[in-house]
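Participant: This is the structure I want to talk about, given as structure tokens.
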Amino acid sequence: MRKIGPDGVETLPSARLIDVPAAPAGCRRTLVERARWEWRPADGGDPAALAEDFLAAHGVALHDLARPGARHDPDGLCGAALYVSAAAGALLAGAAAGAANPADLPEVAVVVYGHTPTPPPAAPPAAGWWLGDWAESWTPRQHADAVRAVRAAIGRGDVYQVNMVGHAAARYAGDPLPALARLGALPGARYGGTLTGAGWAIGCASPETLVELAGGRLITRPIKGTRPATAAGRAELLASAKERAEHVMIVDLERNDLARVARTGTVRVDELFAVRRWCDLWQAESTVSATVADGLGLADLLRAVCPGGSVTGAPKLAALDRITALEPVGRGASMGALGWVAPGRIDLGLTIRTAAADGDRMHVWAGGGITWDSDPDAEVAEAAAKTAPVRAALANR
């Protein structure tokens with residue numbers, strides 16, 4: 001990530017190992033960037049189609065995901081990082097992009113990697129890291145009022161569930177990459193890692209699979225339902241009719257999303273409402289899978305699954321309308337997709353528990369699903385519980 005020093009001269013951090021979420025573990029020490037493409041709305045065009053074409057032009061063909069991938073070449077191309085913001089996902093779904101992104105980031109990024117026989121040296125320890133106080137984009141009262149507005153919309157029959165997300169930003173000094181990299185070490189971070197560009201960086205500690213392609217099957221693992229990671233919290237989550245109803249609504253939405261791009265009759269729920277741990281929280285997770293349809297390309301897959309149903313609500317387009325009306329700032333790097341793509345393999349995490357840095361500020365987001373039974377104060381407390389480990393890791397506490 002590029003930084004401008006106090007003398008006005010651009011400074012570059014020392015070489016670092018590539019740590020893209022879901023990148024092959026055995027390749028991370030030998031990855032080197034070969035090509036990059038970034039998209040912002042002013043660029044125009046269909047970002048999903050443009051991303052698919054860019055990947056194909058650089059040796060990562062994803063026009064037919066049902067076709068088996070080529071054998072991995074340790075001396076050739078490895079694959080690519082793929083990032084899709086929540087706003088770009090909304091556009092792909094046919095909805096408005098929502099409020100402006102509070103962070104200076106691209107909305108889509110693709111970075112193609114090959115292998116190098118000479119891994120970069122480890123970066124020296126960061127010095128002088130400082131993170132200021134967090135400035136919230138809404139107050140607890142405004143957050144609670146948004147919950148009440150969603151409940152009113154549910155009462156009118158406009159929606160069944162809406163995910164509400166808040167944002168906070170803090171000024172920083174020093175190199176933000178070690179702070180963002182700490183997120184990936186949080187317990188349960190299935191998609192732990194970082195992605196960087198000119199003037200921006202994203203750190204992810206997500207436990208949630210947006211979509212995975214493995215052995216000819218598409219897999220999604222929606223998470224919905226949270227309690228403290230105590231024995232009492234686990235029992236309360238398992239017994240909560242509200243959390244289970246909210247969870248099942250999203251599982252049904254994910255089944256429908258996969259059915260749009262799956263071979264007819266192959267969608268199934270492999271696991272329902274399994275309770276797993278992330279940091280000091282219990283979360284309910286299900287697994288939904290389907291056989292990939294012949295001729296399905298990456299662009300159509302992204303249009304079907306973005307943005308993830310667990311961070312929108314149901315019905316998806318109606319929920320996105322409520323999100324646009326109620327959230328004061330955009331979701332930025334959060335609630336989108338980040339992970340790895342290669343011929344025969346896709347593994348994209350949903351960017352919950354995610355932070356981003358631009359030129360001078362660190363950004364975090366957190367929220368939760370709102371149903372008719374939601375208590376506004378409890379929803380505010382749940383969002384705070386989700387963001388607390390992220391903020392602590394960024395501050396190195």
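The values are calculated or read from the model by the stated rules, or taken from the named source; none is laboratory data. Quantities reported herein were computed from a predicted structural model and do not represent experimental measurements. Neighbour counts are summed over all protein chains in view; Cβ atoms, including those assigned to glycine, are modelled from backbone coordinates with ideal geometry. Only protein heavy atoms, including side chains, enter the accessible area calculation; ligands, DNA and RNA are left aside. Shrake-Rupley method; radii C 1.70, N 1.55, O 1.52, S 1.80 Å.
Participant: Please report the relative contact order for the chain, taking Cα pairs under 8 Å with a sequence separation of at least 6, and give it as a percent rounded to a whole number.
Facilitator: Working: 958 pairs, mean separation 106.6, N = 397.
RCO, the chain: 27 percent.
Participant: Per DSSP H run of n ≥ 4, the term is -39500 (n - 2.57); total these for the chain, divide by its residue number, and report the mean residue ellipticity at 222 nm rounded to 500 deg cm²/dmol.
Facilitator: Details: 9 runs with 109 residues, N = 397.
One gets -8500 deg cm²/dmol as the mean residue ellipticity at 222 nm.
Participant: Hey, can you grab everything whose amide H is under 5 Å from the amide H of Q161? Only 5+ residues off in sequence or another chain; H modelled, so Pro and N-termini drop out.
Facilitator: A314
Participant: Also, quick follow-up: Pick from G193, G89, G76: which residue has the top mean-square fluctuation in a GNM of the chain where Cα pairs under 10 Å get a spring?
Facilitator: Largest GNM mean-square fluctuation: G76.
Participant: Not counting ligands, DNA or RNA, and with a 1.4 Å probe, what is E254's accessible surface area in Å² rounded to the nearest 10?
Facilitator: 10 Å²
Participant: How far, in nm, would the chain grow between R276 and A381 when pulled straight, counting 0.36 nm per residue and subtracting the alpha carbon separation? All intermediate terms of the calculation are to be shown ahead of the outcome.
Facilitator: Numbers: separation 105, 0.36 × 105 = 37.80 nm, distance 1.99 nm.
That pair, R276 and A381, stretches by 35.8 nm at full extension.
Participant: From the Cα gyration tensor of the stretch 214-355, with a ≥ b ≥ c the square roots of its eigenvalues, which class applies: rounded if a/c is under 1.5, or else prolate if a/b is larger than b/c, or else oblate? Please report the intermediate quantities before stating the final value.
Facilitator: On the way: a/c = 1.66, a/b = 1.33, b/c = 1.25.
Prolate is the answer for the stretch 214-355, as a/c is 1.5 or above and a/b outweighs b/c.
Participant: Can you compute 3J(HN,Hα) from phi for each residue in the stretch 267-277, using the Karplus curve 6.51 cos²θ - 1.76 cosθ + 1.60 with θ = phi - 60°, rounded to whole Hz and x for Gly and Pro?
Facilitator: The phi angles translate into 6, 8, 9, 7, 8, 10, 6, 7, 9, 10, 9 Hz.
Participant: Given a 1.4 Å probe and heavy atoms of the protein chains only, how would you sort D75, D257, D252, largest accessible area at the top? Intermediate values should be presented prior to the final figure.
Facilitator: Values: D75 135, D257 10, D252 65 Å².
Of D75, D257, D252, the descending order of accessible area is D75, D252, D257.
Participant: Same structure again: Modelling each spin label as a point 7 Å along the Cα-to-Cβ direction, I'd like the A388/N256 distance in nm, to one decimal.
Facilitator: 3.5 nm
Participant: Could you order V380, V110 by accessible surface area, starting with the largest, using a probe radius of 1.4 Å? Mind showing how you got there, number by number?
Facilitator: Working: V380 30, V110 0 Å².
Reading off the accessible areas and sorting them downward yields V380, V110.
Participant: Please list L326, L31, L77 from largest to smallest accessible area, probe radius 1.4 Å, with all protein chains kept in place. Show your work: numbers first, answer last.
Facilitator: Working: L326 45, L31 10, L77 70 Å².
Listed by decreasing accessible area, they come as L77, L326, L31.
Participant: List the residues of the stretch 236-257 whose backbone N lies under 18 Å from a point placed 7 Å from the Cα of V269 along the Cα-to-Cβ direction.
Facilitator: 237-257
Participant: Would you give the gap between the C-alpha center of the stretch 162-193 and the C-alpha center of the stretch 302-346, rounded to a whole Å?
Facilitator: 18 Å
Participant: If you plug each phi of the stretch 198-214 into the Karplus form 6.51 cos²θ - 1.76 cosθ + 1.60 with θ = phi - 60°, what whole-Hz ³J(HN,Hα) values come out, in order, with x for Gly and Pro?
Facilitator: Those phi angles translate into 6, x, 8, 7, 10, x, 10, 10, 6, x, 9, 7, 6, 7, 10, 10, 9 Hz.
Participant: Quick one: which residues, 5 or more positions from V211 or on another chain, have an amide H under 5 Å from its amide H? H modelled 1.01 Å from N in the peptide plane, none for Pro or chain starts.
Facilitator: Placed amide hydrogens put L348 under 5 Å from V211.
Participant: Give me the distance between the Cα centres of the stretch 355-390 and the stretch 241-256, rounded to whole Å.
Facilitator: The distance from the Cα centre of the stretch 355-390 to that of the stretch 241-256 comes to 20 Å.
Participant: With every protein chain left in place, what is the accessible area of Y172 in Å² (1.4 Å probe, nearest 10)?
Facilitator: 20 Å²
Participant: For L296, enumerate residues with amide H under 5 Å from its amide H, sequence gap 5+ or separate chain, H modeled in the peptide plane.
Facilitator: Here the answer is L65, A66, since their amide H atoms fall under 5 Å of that of L296.
Participant: If you don't mind, there's one more thing I want to ask. Lysine pairs in the chain with alpha-carbon atoms under 22 Å apart, 8 or more places apart or on different chains: how many are there?
Facilitator: Number of lysine pairs found: 5.
Participant: Identify which of the listed values of mean projected area of the Cα convex hull in nm² was calculated from the structure shown: (i) 18.8; (ii) 23.4; (iii) 28.9.
Facilitator: (i)
Participant: Along the stretch 371-377, what does the Karplus equation 6.51 cos²θ - 1.76 cosθ + 1.60 (θ = phi - 60°) give for ³J(HN,Hα), rounded to whole Hz, x for Gly and Pro?
Facilitator: So the Karplus estimates, Gly and Pro as x, are 10, 4, 8, 5, 9, x, 5 Hz.
Participant: Let me ask something else about it. Does anything in the stretch 337-372 have its amide N under 18 Å from the 7 Å Cα→Cβ label point of H63, and if so which residues?
Facilitator: Zone members listed by number: 342-345.
Participant: So what does I352 come to for accessible area, using a 1.4 Å probe and Å² rounded to 10?
Facilitator: 10 Å²
Participant: What is the gain in length, in nm to one decimal, between L317 and A232 on full extension, counting 0.36 nm per residue of separation less the C-alpha to C-alpha distance? Could you put the intermediate results ahead of the total?
Facilitator: Values: separation 85, 0.36 × 85 = 30.60 nm, distance 3.61 nm.
Once the chain is fully extended between L317 and A232, it gains 27.0 nm.
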